[in-house]
Amino acid sequence: MNRKLRFGMIGGGRGAFIGGVHRIAAAMDGRAELVAGAFSSDPARSKASGEDLFLDPARTYGSYVEMAKAEAARPASERLDFIVIVTPNHQHFPPAKLFLEAGFNVVCDKPVTFNLAEARALKKIVAKSKKVFVLTHNYTGNVMVKQARDLVRAGELGEIRKVVVEYPQGWLSTFLEGSGQKQAAWRTDPKRSGAAGSIGDIGTHAENLARYITGLEISELCADLTTFVKGRKLDDDGSILLRFKGGAKGILHASQICVGDENDLNIRVYGTKAGLAWSQEHPNELTVKFPDQPRQIWRRGNGYIGARAGSFTRIPSGHPEGYLEAFGNIYREAFRAIAAEVEGQPLPKDLDFPTIDDGIDGMAFIETAVKSSRLGAKWVKFPKV
């Protein structure tokens, strides 16, 4: 492709956190340009956000419905190549459906939809549209996560027996939503967040990370979800036992009341031959452990890193890469697919980004965990996804 991809954004206006992250990640490789947006459900706020981003006022819209109609009517030389959805969860499915059916590729923040039924419906829409759909489970973009996955898939750990994955945060250890803080308010509101709080917000990241690295699928789980903060409507802590197809066992812990913790997503995987450990607060390192030799610390950017994982390294060793670069790697892969779709070419065979299938898996995880907890922490079979 001899030009930048053009994209529009839904949500992500003034006061939003994740919209800015997506804009940085999409701009990182210089392959895409934001040209349109419906940045808020408040038309005046959307217009103001467009001004902040120096967009053409004619392409800053008061609603995503208005945006879809206007952008679909533009000539091919101006038309959007894809849209990015960075709204609260309850506003993922309607714009995704509308834009896919209007012929646009879609990048969507996680979790994919408000509930599992919407996710399954969206998969049918994606298939019918023949458009690219990307879900931004950004932690899978980390170089050392990809290296961990390659080690597992090459059999270096042997048969996987145990997976321990955690995501402790402390930012919701008080009734922060009562102060009107925007991020806390919608993430703890069942009308906007969905059936789960911490399990939907960060537990899905932990589940997706475990699935991405190990390739294992959950067969059943036993969940104990708790709401510790008085007045809160959704869970703020969860402890989950996992049984994987094939016999491996797992523990998943996700909590937003762990005072003093920031974003300590971490995973340990143990096989019959070796184990590994990775933490997103120290993303450039992967610890590999053996029964008969000292543990090894593998670092991003070095020659011993595998070729596939190494291809995602952006800067030389010693210069840290982290959250934003991982997000940028998801977008870089998305752009390969979107550019091929726009030019009418077959999609590359080696694409590496989360898809609608990952989204369905995440929603099934949320619904199964909530069901198990409501039954008194009973084992519940994982639904077919």
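Taken together, the values in this text are just the output of simple stated rules run on the coordinates, not laboratory data. These figures come from a predicted structure and were not determined experimentally. Quick reminder, even Gly has a Cβ in these numbers, built from the backbone with ideal geometry, and neighbours come from all protein chains shown.
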| query | Amide H of Cys108: which non-local residues (sequence gap of 5 or more, or other chain) have their own amide H closer than 5 Å, using H built in the peptide plane? | reply | Ile85, Val134, Leu135, Thr136
| request: Once you have all Cα-Cα distances for region 94-235, histogram them in 10 Å bins from zero and send the whole-percent values. | output: 9, 31, 33, 23, 4, 0
| said: Suppose only helical runs count, i.e. DSSP H with n ≥ 4. What mean residue ellipticity at 222 nm does that imply for the chain under -39500 (n - 2.57) per run, divided by all residues and rounded to the nearest 500 deg cm²/dmol? | reply: -10000 deg cm²/dmol
| message | Report the number of Lys pairs in region 1-139 whose alpha-carbons are under 16 Å apart, with separation of 8 or more residues or on distinct chains. | response | 9
| Per-residue HN-Hα couplings for region 347-360, Karplus 6.51 cos²θ - 1.76 cosθ + 1.60 at θ = phi - 60°, whole Hz, x for Gly and Pro? | 5, x, 7, 9, 4, 9, 8, x, 10, 4, 5, 5, x, 5
| task | May I ask you to derive the relative contact order of the chain, considering only C-alpha pairs under 8 Å and at least 6 residues apart, and to give it as an integer percent? | result | 19 percent
| request: Please sort 79-86, 217-224 by packing, taking for each peptide the average over its residues of neighbouring beta carbons within 10 angstrom, highest first. | output: 79-86, 217-224
| note | Spelling it out for Arg161: with amide H atoms placed in the peptide plane at 1.01 Å from N, the residues 5 or more places away or on another chain with amide H under 5 Å from its amide H are Tyr270, Gly271, Thr272
| query | Between rounded, prolate and oblate, where does region 12-60 land on the alpha carbon gyration tensor, with a ≥ b ≥ c its root eigenvalues, rounded for a/c under 1.5, else prolate if a/b exceeds b/c? | reply | oblate
| said: Classify region 300-373 from the C-alpha gyration tensor, please: rounded if a/c falls under 1.5, else prolate or oblate depending on whether a/b exceeds b/c. | reply: oblate
| Could the peptides 61-69, 373-381 be put in order, highest first, of the mean number of other beta-carbon atoms found within 10 Å of their residues? | 61-69, 373-381
| note | Fewest-first ordering of Asp357, Asp292 by Cβ atoms within 10 Å yields Asp292, Asp357
| field | Among Phe133, Phe93, Phe17, residue whose mean-square fluctuation peaks in a GNM of the chain (springs only between Cα atoms under 10 Å) | value | Phe17
| task | For the chain, just the Cα atoms, rotate onto the principal axes and tell me the three extents in Å, largest first. | result | 64, 52, 38
| region 125-203: trypsin sites (Lys or Arg not before Pro) in DSSP coil with no more than 15 other Cβ atoms inside 10 Å | Lys130
| How large is ³J(HN,Hα), in whole Hz, for each residue of region 298-308 in order, when computed from phi with the Karplus curve 6.51 cos²θ - 1.76 cosθ + 1.60 and θ = phi - 60°, using x for Gly and Pro? | 8, 10, 4, x, 9, x, 7, 5, x, 4, 5
| said: Report the Cα centroid-to-centroid distance between region 1-42 and region 61-105 in angstrom, as an integer. | reply: 13 Å
| remark: With region 180-308 reduced to its Cα atoms and the Debye formula applied, log10 I(q)/I(0) at q = 0.13, 0.16, 0.17 1/Å amounts to -0.67, -0.92, -1.00
| task | Enumerate the aspartates and glutamates that Lys381 could reach by cross-link, defined here as Cα to Cα under 14 Å, with residues fewer than 8 away along the same chain left out. | result | Glu217, Glu220, Asp361, Glu367
| Cβ-based exposure ranking for Phe114, Phe54, in which fewest neighbours within 10 Å come first | Phe54, Phe114
| note | Residue-ordered couplings for region 123-140, obtained by feeding phi - 60° into the Karplus form 6.51 cos²θ - 1.76 cosθ + 1.60 and rounding to whole Hz (Gly and Pro as x), are 4, 5, 5, 4, 4, 5, 6, 6, 9, 7, 10, 10, 10, 8, 7, 5, 5, 5
| remark: Listed residues Gly141, Gly271, Gly318; largest mean-square fluctuation, Gaussian network over the chain with Cα springs below 10 Å, found at Gly318
| note | The residues Met1, Met28, Met144, sorted from fewest to most surrounding Cβ atoms within 10 Å, come out as Met1, Met28, Met144
